[in-house]
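Okay, so here's the structure we're looking at.
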Amino acid sequence: MAQNFLACDREQSWLMPPSLREWLPDEHLAWFVLDAVEEMDLAAFYGAYRQDGWGRAAHDPAMMVALLLYAYAVGERSSRGIERRCFEDVAFRVIAANQAPDHATLARFRVRHEQALAGLFGEVLRLCAAAGAVSVGVIAVDGTRIKANAADRANFSYEQLAREILAEADAVDAAEDAEFGERRGDELPDELADRTTRKARLREAKARLEAEHAEKTRELEQWQREKDEYIARTGNRNGGWPPKPRPIGPAPQGHINITDPDSRPVKTATGFLQGYTAQAVATPEQIVIAADVICGGNERHRLEPMISSACDELTRAGITETPEVALADAGYWNSPHIQHLAGRGIRSLVKPDADKRKRPTRIRSGPLYEQMRDLLETDQGKQLYRQRQAIIEPVFAHTKITRRADRFQRRGLRACQAEWRLITATHNLLKLWRRSQTLQPA
């Protein structure tokens, strides 16, 4: 008896079903993303195109939005990677309706609609709220370090920038002399164009350091005036005025990255990396209700702004409830912020002391510190604060490890903020999709 195998004829026509609806099962994430996009307000995208129909036809913004949302959800953020998968991946082909936008088109779409893509965060949160997937009794805020699209070796001090600019000018002069001799040489060769661009970046970075130095100088002068006025008014020379800014020297200090000037060296558990601090506020369902990015790693001034941003996002999503308890680690300790939030009816549970492995040499003292320590030692305080890691840490782990979003694709603070909101929006979309799968009847 002959062996029995299924036929494998690669020359046969219609190996795939003729209808895209038959290419994927009904419960696939791709269909869920397409259905979600249909419920979103995309007026900000369509408003950027001509109304008279003139010009070259563009890809439908709804398709491009769905394509980017699905790509970010499955961990594919590279424009070239998305283009390739529009040929190779069935789900990408379904979403793109068998079209294949090239990587340049995808990249330009992200740049052109940067803020509209960031606005999808609110649209997805609205869908989560409508599905009953958001509870805001207890929320948690935290930050994580994400690499910038820049190398740490591109950091320059003010003195290094000055030397580099002079060296770059000498190199250009030498190259022009070798190329043109005594002639003027109005038309520079192509190989010198990049050097000119690099010199412009160096001068821009130098100007930014000078501007930051001038701002710090004005801040210190303002502090001195306020101190003098306070002493003249009260006669008290023992304190009471605002904290003194960090002292500055006669020349700009610090370093700046000429590839991404907004990025900073930020400290992590394994050392320093060139990047940003991405922040999020999450609910017990691990739904992100606020997302932002800051330069550097100091989060002390971000407690109240992040909670306020979360309240605003909830209001826009149609949720009228206000968070009752906000959880944060010691890096967010800020006494005025804790007191202001308490006045708004939001109780903040923030550790007043760093982790034992990073315990400071001087223990913080004061009524609010002691009150918070006593509160965290109660059974209720322990039970509430124990939820912090379970609420927020898995969000970062899933984003950076499972979906490989541990480095920003864009450069500049504003672009990275928009990208982070898109990343967290797709996180929420995945949570909503998984919730819909569990609620489906067997």
Taking the square root of 5λ for each eigenvalue of the C-alpha gyration tensor of the stretch 300-349, the equivalent ellipsoid has semi-axes, largest first and in whole angstrom, of 19, 11, 9
Excluding ligands and nucleic acids, what accessible area in Å² is computed for Lys351 using a 1.4 Å probe, to the nearest 10? 80 Å²
Once the Cα atoms of the stretch 285-442 are picked out, what are the Rg and Dmax in Å? 17.4, 58
Based on Cβ point charges of +1 for Lys and Arg and -1 for Asp and Glu, what charge dipole magnitude is obtained for the stretch 37-86 about its Cα centre, in debye rounded to the nearest 20? 380 debye
Based on the Cβ-Cβ distance of Gln99 and Asp41, what FRET efficiency does E = 1/(1 + (r/R0)^6) give at R0 = 35 Å, to the nearest 0.05? 0.90
Just by accessible area at a 1.4 angstrom probe, what is the order of Tyr70, Tyr46 from largest to smallest? Tyr46, Tyr70
Using θ = phi - 60° and the Karplus form 6.51 cos²θ - 1.76 cosθ + 1.60, what ³J(HN,Hα) does each residue of the stretch 430-436 get, whole Hz, x for Gly and Pro? 5, 4, 5, 5, 5, 5, 5
By the mean-Cβ-within-10 Å protection proxy, highest first, 312-320, 329-337, 60-68, 404-412 rank as 60-68, 329-337, 404-412, 312-320
So what's the convex hull volume per residue for the Cα atoms of the stretch 1-114, in Å³? 160 Å³
Going by a ≥ b ≥ c, the root eigenvalues of the Cα gyration tensor, does the stretch 267-319 fall in the rounded group (a/c under 1.5), the prolate group (a/b larger than b/c) or the oblate group? prolate
Give me the accessible area of Ser19, 1.4 Å probe, in Å² rounded to the nearest 10. 40 Å²
Would you mind checking the stretch 133-150 for residues with the amide N under 18 Å from a putative spin-label position 7 Å along Cα→C-beta of Thr320? 133-137
Arg77 - accessible surface, heavy atoms, 1.4 Å probe, Å² rounded to 10: 20 Å²
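The values are calculated or read from the model by the stated rules, or taken from the named source; none is laboratory data. Everything numeric here is computed off the predicted structure, so don't read it as measured data. In this analysis, Cβ positions are derived from the backbone assuming ideal geometry, glycine residues included, and neighbour counts consider all displayed protein chains. What goes into the accessible areas is simple: the full protein's heavy atoms, side chains included, and nothing from ligands, DNA or RNA. Shrake-Rupley method; radii C 1.70, N 1.55, O 1.52, S 1.80 Å.
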